[in-house]
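Scroll down for the structure; my scribbles are underneath it.
The values are calculated or read from the model by the stated rules, or taken from the named source; none is laboratory data. Given the structure is predicted, the values throughout are model-derived calculations rather than measurements. Methodologically, a virtual Cβ is constructed for each residue, glycine included, from the backbone with ideal geometry; neighbour enumeration extends over all protein chains shown.
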Amino acid sequence: MKSSVIVFPGSNCDRDVAVALEKFQIKNQMVWHNDLSLPKSDLVVLPGGFSYGDYLRTGSIAGKSKIIKEVIEHAKNGGLVLGICNGFQILTETGLLPGVLLRNKDLKFISKNVYLKVTNTNNVFCTNFKKKNVVEFPIAHNEGNFFANDNLLNKLEDQNLIAFKYCNNKGEINDEANPNGSSKNIAGVLNEKKNVLGLMPHPERVIEPLLSGKDGSLLFESLLK
Amino acid sequence: MTISNEIIKNHGLKKDEYKKIIKLLGRNPNLLELGIFSAMWNEHCSYKSSKKYLKKLPTKNKYVIQGPGENAGVISIGEDDAIVFKIESHNHPSFIEPYQGAATGVGGILRDVFTMGARPIATLNSIHFGSPDHPKTKNLLNGVVSGIGGYGNCMGIPNAGGEVKFNSSYNENILVNAMAIGHVNKKKIFYSTAKGENQSVIYVGSKTGRDGIHGASMASAEFDKNTDDKKPTVQVGDPFTEKLLLEACLELMKGDSIISIQDMGAAGLTSSSVEMASKGNLGIKINLDKIPCREKNMTPYEMMLSESQERMLLIIKSGKEHFAEEIFKKWDLDFAIIGKTTNTKKLVLNYKDNQVANIPLNALSTEVPIYDRKWKKSIRPKKKNNLNLEKIKILDSLKKILSSPNNSNKKWVWEQYDNTVMGDTIQKPGGDASVIRIHGKNKGIAATIDSSSHYCSAHPLSGGKQVVCEAWRNLVSVGSEPIAITNCLNFGNPEKEIVMGQFVECLDGISEACTYLDFPIVSGNVSFYNETNNKSIEPTPAIGGVGLIRDLNNMVSQNLKGINNLIIVIGKTTGHLHQSEFFREVMNITDGPPPEINLFNEKNNGLSLQNLISKKLIKSAHDISAGGILVTLSEMCLSGNIGALVKLPNNNINKHEYLFSEDQSRYAIEIAQKDRSAVCDILKENDIFYEIIAKTQKDILELNNDFSIHINDLKKLNNNWFYNYNRLQ
């Protein structure tokens, strides 16, 4: 499997995700935001960070960047796209994923480990979560409050496009386990074709026991199947 | 324009100093030149009150590659790996404008580290606020924490914690000390000394604006009732640009075009150009028409004294400028060739075809006035005897201490800082020290920041010693070998004999402990004039320590690991309660002497613990500091979600004194019962005093014949203070 990680000038999880991809034998290339073409890849990753500073709405400038046209094309042709944190925010800006990411409910940056329930394991990113569908990932964001109107939320539920929901350690999805105010505790969503996934938590930061867990490995291992 | 007495005063210069300037120049300075002298001669940049004492500090051991005097200190950690680190204060700006003050404090210290070629791998901070009920404290706390987070999170550098403290002496003078740590290949370290004539002086980074003019001079004076008027002297941070600057500099550093590099920090273009040229025994000529400016019609005075952030000054080999230009263009940063190195040993500035300044560089470096200020020796206060403690309930005292602002869990703070980015954070904030792995290797560094202002205030000499030992102990507790420190010396007005005495004696204590423990100081910063309306802060030297963990499999953490294990206290408890959290929080007693330090025991206890750790006999370890044995043990229980049954050893010490005293050089360790004799044998062999005090158990912390409490209840008490205090109204 071949992947490309897009590097925006303010990306800061690009190295982390590249390390994770390589650990799982995915052959990766870094692609600069000003490049006009994408190398041949099965998977494109939009990493976390602050793409262009995000002084404007998060991800909005990246959503109009040079390379993003190629990413959209890649997704439309059925190629896989994974957006983590800022990458998720960028994907909602491009329209590849539905919804928007607002400022956290308490107006503070949140950096901590959270529990997630994997609510859709029938997609190429999540098949390995069948064996363990309550997992612990870190979050680190200021704008992770997923918002969608009721129609959209119903559609996401009906079509089973919600991949991850914030929950407690028992897998119960409730307000107390919702760190940032997201509608229906949503932490990650898929597009209709299920070839594009965006999530706020960081699977690439939990890929070995020394890093307080390795639940993130399940996502990368799923991609190999 | 004639220079009036008022102009001289507004530049923070004394009459005698002005006379010296005239003598050095052989003429009156013009306003621009006066501004440059003011920027270089102020306390913050010149260390004129502290130099005499800083010289006496130990700065070398077998690991030190670079000691004080560069952008940051450098130590070797084996193979080709070196660690670059430094701490710096941003106290005055953070009080005036907490978000930007704290943010640019982080930005500044990060530049100091990556200027040397290192990729930053962690930041820490020591932040001190006034009393929680002071009207300004809540806003300052929220602003500073958001500012630290806002900058570091955007840069993508994990925040490895530090300390957060409250005390009314900081009501009008908060402390924001930021430390940064970077990793560099030993063979690719960059320095600030310019070399060679006729080499290009290059300006890169952000444009110069009208912010932060005279910031360093502002930080070299006391505050008064007009503090709010100083807002324009605070710089505004742009972490995105700093991220670009970081990546662009590191990219350029892969090649060989850089001769030297220095960040434009305090006193901006002035100090960076003067320092680079004077260290290289050269001159420097700058054409101010070339400076990238944010606004039109900026004057030479504004350009030279602006403290706009995210800028660097480089000396590039003649003929290689285009390599640099290409890289900075790629990262969308300003790039300008603004001058040349010369052989004149002078700073010469030209603007619109006129020479606007011409100053011999020695006048700004070696000729800076140095003061040997008067100081007063302090006397070690006496103990109070015959206090009746019997009626005071142990559990109530424990609850009170654990729920107090200074001893509460600081999660509310750490959770606003990204501490897992870069994928190498092995121990997050909240432990004795944080642990960061060296990328791609199985070794790591431990880092901590400590201060003990109450101890230093009660007796500066003991306090200075103690704070070094505390940092050393924290590093030992996680299984590292302590290597070196950086210090941030926060004091009041050095022109006062008492304050200068605190400084001199704290430094004596620091020096004695550093020497004994072979724990040298490789970088640091002095912040005087932390004083408002004649009221000074408590003396607060903050010590940032770095240790090496050669094999991460030997790392130790403080959380209890299992039930039916034994807890042993290493080191002797004599029952010293003065200056303890128990006296302060429970008894409301704030006078008396701080605990004394016996450096022999300190070292012996620590080295023995290292020995036990290397033999894999330790399940968890925690240094016993603020709060004493019972608070330490509670913290181990809370972080491990495991309880303990405490049985007091048979000795003649009153149980309050035993459980809450803050005698130094002690650790609590958790060991398996089967290892008991192996552990005790090693301790005996090394003449270590130890006592078995508890056995771990499920969920409940109890003291035999006294109290019993579920750790979840204790956890709530320990966690709630910050959330309640900062709840949105």
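Taking residue B:247 as the residue in question, decide whether it is under 21 Å from residue B:89 (Cβ atoms), within 14 Å of chain A (Cβ to nearest Cβ) and at pLDDT 95 or above.
No.
Go over the candidates A:114, A:135 one by one and state the one that is assigned to a strand (DSSP E or B) and within 14 Å of chain B (Cβ to nearest Cβ). Give the steps one after another, and end with the answer.
Working: A:135 fails: within 14 Å of chain B (Cβ to nearest Cβ).
Criteria check complete, one pass: A:114.
Filtering the range B:527-549 down to residues that are among the polar types (S, T, N, Q) and assigned to a loop (DSSP other than H, G, I, E, B), which residue is nearest to residue B:594 (Cα to Cα)?
B:530
Quick one: in the range B:329-377, which of the residues that are small (Gly, Ala, Ser) and at pLDDT 95 or above is nearest to residue B:315 (Cα to Cα)?
Looking at residues that are small (Gly, Ala, Ser) and at pLDDT 95 or above, I get B:339.
Would you confirm whether any residue within the range B:369-382 is without any contact (Cβ under 8 Å) to a residue 60 or more places away in the chain, in a loop (DSSP other than H, G, I, E, B) and among the acidic types (Asp, Glu)?
No, the range B:369-382 contains no residue that is without any contact (Cβ under 8 Å) to a residue 60 or more places away in the chain, in a loop (DSSP other than H, G, I, E, B) and among the acidic types (Asp, Glu).
Considering only residues that are aliphatic (A, V, I, L, M), within 14 Å of chain B (Cβ to nearest Cβ) and free of Cβ contacts under 8 Å to residues at least 40 places away in the same chain, which ones fall in the range A:56-82?
Those that are aliphatic (A, V, I, L, M), within 14 Å of chain B (Cβ to nearest Cβ) and free of Cβ contacts under 8 Å to residues at least 40 places away in the same chain: A:56, A:61.
Residues in the range B:639-655: is at least one within 16 Å of residue B:558 (Cα to Cα), surrounded by 20 or more Cβ atoms within 10 Å (Cβ to Cβ) and in contact with an Asp or Glu (Cβ under 7 Å, 6 or more places away or on another chain)?
yes
Using the structure shown, decide if residue B:111 is at pLDDT 95 or above, under 22 Å from residue B:279 (Cβ atoms), in contact with a helix residue (DSSP H, G or I) (Cβ under 9 Å, 6 or more places away or on another chain) and of a type outside the set (Ser, Thr, Tyr). First the steps, then the outcome.
Details: at pLDDT 95 or above: yes; under 22 Å from residue B:279 (Cβ atoms): yes; in contact with a helix residue (DSSP H, G or I) (Cβ under 9 Å, 6 or more places away or on another chain): yes; of a type outside the set (Ser, Thr, Tyr): yes.
Taking the combined requirement at face value, the residue satisfies it.
Can you confirm whether the range B:376-397 contains a residue that is among the polar types (S, T, N, Q), crowded, with 17+ Cβ neighbours inside 10 Å, under 30 Å from residue B:725 (Cβ atoms) and more than 14 Å from every other protein chain (Cβ to nearest Cβ)?
Yes, the range B:376-397 contains at least one residue that is among the polar types (S, T, N, Q), crowded, with 17+ Cβ neighbours inside 10 Å, under 30 Å from residue B:725 (Cβ atoms) and more than 14 Å from every other protein chain (Cβ to nearest Cβ).
Quick one: how many residues across the range A:134-150 are over 21 Å from residue A:48 (Cα atoms) and surrounded by fewer than 17 Cβ atoms within 10 Å (Cβ to Cβ)? Before you say what the answer is, go through the steps one by one.
Restricting attention to the range A:134-150, the residues satisfying the condition of being over 21 Å from residue A:48 (Cα atoms) are A:134, A:148-150.
So of that shortlist, the ones also surrounded by fewer than 17 Cβ atoms within 10 Å (Cβ to Cβ) come out as A:134, A:149-150.
Qualifying residue count, the range A:134-150: 3.
Residues in the range B:402-458 that are of a type in the set (Asp, Glu), within 14 Å of another protein chain (Cβ to nearest Cβ) and touching a residue at least 40 places away in the same chain (Cβ under 8 Å): how many?
First, pick out the residues of the range B:402-458 that are of a type in the set (Asp, Glu): B:415, B:418, B:424, B:432, B:450.
Retained after the next criterion (residues that are within 14 Å of another protein chain (Cβ to nearest Cβ)): B:415, B:418, B:424.
From what is left, the residues that are touching a residue at least 40 places away in the same chain (Cβ under 8 Å) are B:418, B:424.
Residues that pass the stated criteria total 2.
Out of the residues in the range A:22-55 that are touching a Lys or Arg at 6+ places or on another chain (Cβ under 8 Å) and within 24 Å of residue B:424 (Cα to Cα), which is nearest to the other protein chains (Cβ to nearest Cβ)?
The selected residue is A:50.
Look through A:188, A:216 and report the one residue that is away from chain B (no Cβ under 14 Å), buried (at least 22 other Cβ atoms within 10 Å of the Cβ) and touching a Phe, Trp or Tyr at 6+ places or on another chain (Cβ under 7 Å).
Numbers: A:216 fails: away from chain B (no Cβ under 14 Å).
Testing whether each residue is away from chain B (no Cβ under 14 Å), buried (at least 22 other Cβ atoms within 10 Å of the Cβ) and touching a Phe, Trp or Tyr at 6+ places or on another chain (Cβ under 7 Å) leaves just A:188.
For the structure I just gave you, tell me whether residue A:128 is outside any strand (DSSP E or B), touching a residue at least 60 places away in the same chain (Cβ under 8 Å) and touching a Gly at 6+ places or on another chain (Cβ under 6 Å).
Here the answer is no, as residue A:128 does not meet what is asked.
Kindly state which strands (runs of 3 or more DSSP E) lie completely within the range A:13-92 and contain at least 1 residues that are among the aromatic types (Phe, Trp, Tyr).
On the way: elements: A:27-32, A:43-46, A:80-84.
Qualifying strands (runs of 3 or more DSSP E): A:27-32.
Filter the range B:138-182 down to the residues that are outside any helix (DSSP H, G or I) and facing chain A (nearest Cβ under 10 Å), then identify the one that is farthest from residue B:454 (Cα to Cα).
Going through the qualifying residues, I end up with B:156.
Take the conditions under 24 Å from residue B:485 (Cβ atoms), at pLDDT 95 or above and not basic (Lys, Arg) and apply them to residue B:29. Does it pass?
no
Anything in the range B:598-633 that is of a type in the set (S, T, N, Q) and assigned to a helix (DSSP H, G or I)? List them, or say none.
The answer is B:601, B:604, B:605, B:608, B:610, B:611, B:614, B:632.
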